[in-house]
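Here is the structure we will look at, set down as structure tokens.
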């Protein structure tokens with residue numbers, strides 16, 4: 001049984017109208033109608049609410065409909081992707097900014113005779129390799145997400 005048929009069957013077992021079901025899960029009656037006709041699918045949050053409401057497992061709702069299962073998987077990937085992508089892009093950009101600052105300081109010292117130095121308290125290794133390390137980590141992390149998520 002596909003999701004739309006299962007939803008309608010479970011709703012009718014409870015004796016509820018589409019409007020009554022919609023009210024219980026805080027969506028519009030039109031949404032319930034679209035789910036029951038197979039024109040649209042609910043979000044994973046709504047699927048969880050439906051499984052609780054009908055006292056059936058999420059597995060029973062999802063496994064019956066390959067298209068819905070694929071949509072839920074895709075939705076979960078899209079939710080996770082921006083958070084990690086933003087993190088790795090930020091790490092990369094921090095590395096770029098630190099590298100740019102270092103290059104500007106070195107160029108300023110060389111061309112204008114200034115004597116600006118990296119603070120003495122910072123270990124030389126960190127000041128020399130931190131920007132590169134951040135750029136590599138951010139680049140690899142962002143690139144791996146590009147391949148993992150659409």
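Quick notes on this structure:
- Listed residues 128, 109, 40, most fluctuating in the chain (Gaussian network, C-alpha, under 10 Å): 109
- Expected 222 nm ellipticity per residue - DSSP helices of 4 or more, -39500 (n - 2.57), all of the chain, to 500: -26000 deg cm²/dmol
- Relative to the longest principal axis of the Cα atoms of the chain, the long axis of helix 44-54 lies at roughly 30 degrees.
- Residue among 137, 94, 116 with the largest mean-square fluctuation in a Gaussian network model of the chain, springs linking Cα atoms under 10 Å: 116
- All Cα-Cα distances of region 80-148, cut into 5 Å bins from zero to the largest, leave 3, 17, 20, 19, 14, 10, 8, 5, 3, 1 percent in each bin in turn.
- Folded to 0 to 90 degrees: helix 3-14 orientation relative to the chain principal axis, Cα: 50 degrees
- Among 108, 17, 33, the residue with the largest mean-square fluctuation in a Gaussian network model of the chain, with springs joining Cα atoms closer than 10 Å, is 108.
- Whole-number Å³ per residue for the convex hull built on Cα positions in region 3-64: 70 Å³
- Size descriptors for the chain (Cα atoms only): Rg and Dmax, in that order, 26.8, 85 Å.
Every read-out reported here was derived from the displayed coordinates using simple, explicitly stated rules and does not represent laboratory data. Since this is a predicted model, take the numbers as computed values, not measurements.
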